[in-house]
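Notes follow the structure.
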Amino acid sequence: PMTGLDHIDLAECERRNIKVISLKGETEFLANISSTSEHTLGLIISLARNYKSALNFPYKERGEYVGHKLQDKCLGIVGVGRIGSDLLISAEGLGMKVCLYDNELHGSNVLSELLKISDYVTLHIPLQDNEGFFTMDIFQQMKPTAYFINTSRSKIVEDGALLWALENKKIAGAAVDFIDDLELVEYARTHDNLILTNHIGGCTYEDMAKTEDFIKLKVENYLTNKV
């Protein structure tokens, strides 16, 4: 019951005549699912205000946690689908300037310009046709004071590129919603400028309950009507 199906062998399911029921293409229903965009915003705020260290023992003097306000900062959104569009509204509500890039609509020059001026870059594109899209070269085009946030899929980033960007100070920090890269996990143990969460973008009681009810109805309709 999700939109991303990259973990399922769809060709094999088709060969075995197995029906795959998911949220893919359910635009009207997904318009009311906001958990991932909210989580993305939370990660942006956490990076800006040094929450990884400020909210945990040992507590230090507040001068150790001086952060950045978001008002007037530039947010670069890569992927202007449902989540990117939701984030756009929230960011503008906080007074941020927003730049948009969608690889189906824009050329590489638009992405390059976004990277040059953005204080935060968030990634919201599907894994299909985009594996390894965010490369070391792309990280090099970001400002060294900028932050990178990925709540999409880890494999959209070139293997090793994010760790390289952090270790070589090509960016100021990052937050990703995955813990599948052991090298990043090790880096996060000793560095406060990398936040890792375990694929919790859509993990809220409200949206999970709505999704379960919706998928249950889809399964019942399929079993009853074979639609």
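Observations on the model:
- Glu64 being open to solvent by 80 Å² or more (accessible area, probe 1.4 Å) and either of a type outside the set (Gly, Ala, Ser) or touching a strand residue (DSSP E or B) at 6+ places or on another chain (Cβ under 9 Å) (or both): yes
- Annotation note: of Ile138, Ile156, Ile171, Ile179, the sole residue that is in contact with a Pro (Cβ under 9 Å, 6 or more places away or on another chain) and over 15 Å from Asp119 (Cβ atoms) is Ile156.
- Long-range neighbours under 6 Å by Cβ, at least six apart or interchain, first residue without any contact (Cβ under 8 Å) to a residue 40 or more places away in the chain within the range 201-227, second in a helix (DSSP H, G or I) and surrounded by 12 or more Cβ atoms within 10 Å (Cβ to Cβ): Val227/Asn221
- Members of the range 151-168 found to be outside any helix (DSSP H, G or I) and either β-branched (Val, Ile, Thr) or farther than 20 Å from Ser46 by Cβ (or both), listed by number: Thr151, Arg153, Val157, Glu158, Asp159, Gly160, Asn168
- The sole residue among Leu75, Leu23 that is at pLDDT below 90 and not basic (Lys, Arg) is Leu23.
- Going through (1) under 28 Å from Leu5 (Cβ atoms); (2) open to solvent by less than 20 Å² (accessible area, probe 1.4 Å) one by one, Phe133 falls short only on (2).
Residues checked against (1) under 19 Å from Glu38 (Cβ atoms); (2) touching a strand residue (DSSP E or B) at 6+ places or on another chain (Cβ under 9 Å); (3) in contact (Cβ under 8 Å) with a residue 40 or more places away in the chain:
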| position | (1), (2), (3) |
| --- | --- |
| His106 | no, yes, no |
| Asn109 | no, no, no |
| Ile117 | no, yes, yes |
| Pro126 | no, no, yes |
| Phe148 | yes, yes, no |
| Ser152 | yes, yes, yes |
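- For the criterion of being over 30 Å from Val66 (Cα atoms) and of a type in the set (S, T, N, Q), Asn198 fails.
- A Cβ distance below 6 Å, combined with a sequence gap of six or more or placement on separate chains, defines the contacts here; from the range 6-30, residues that are touching a residue at least 60 places away in the same chain (Cβ under 8 Å) reach residues that are open to solvent by less than 70 Å² (accessible area, probe 1.4 Å) and among the β-branched types (Val, Ile, Thr) in the pairs Ile21/Val219; Leu23/Thr3.
For every residue, the table says whether it meets (1) within 21 Å of Arg82 (Cβ to Cβ); (2) open to solvent by 60 Å² or more (accessible area, probe 1.4 Å).
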| site | (1), (2) |
| --- | --- |
| Glu167 | no, yes |
| Ala175 | yes, no |
| Asp181 | no, no |
| Tyr187 | no, no |
| Ala209 | yes, no |
| Asp213 | yes, yes |
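- Among the residues examined, Ile83 does not qualify as open to solvent by 60 Å² or more (accessible area, probe 1.4 Å) and closer than 16 Å to His39 by Cα.
The values are calculated or read from the model by the stated rules, or taken from the named source; none is laboratory data. Keep in mind it's a predicted model, so treat the numbers as computed, not measured. As a convention, Cβ positions derive from the backbone with ideal geometry for all residues, glycine included, and neighbour counts pool all protein chains shown. Heavy atoms of the whole protein, side chains included, go into the accessibility calculation; ligands, DNA and RNA do not. Shrake-Rupley method; radii C 1.70, N 1.55, O 1.52, S 1.80 Å.
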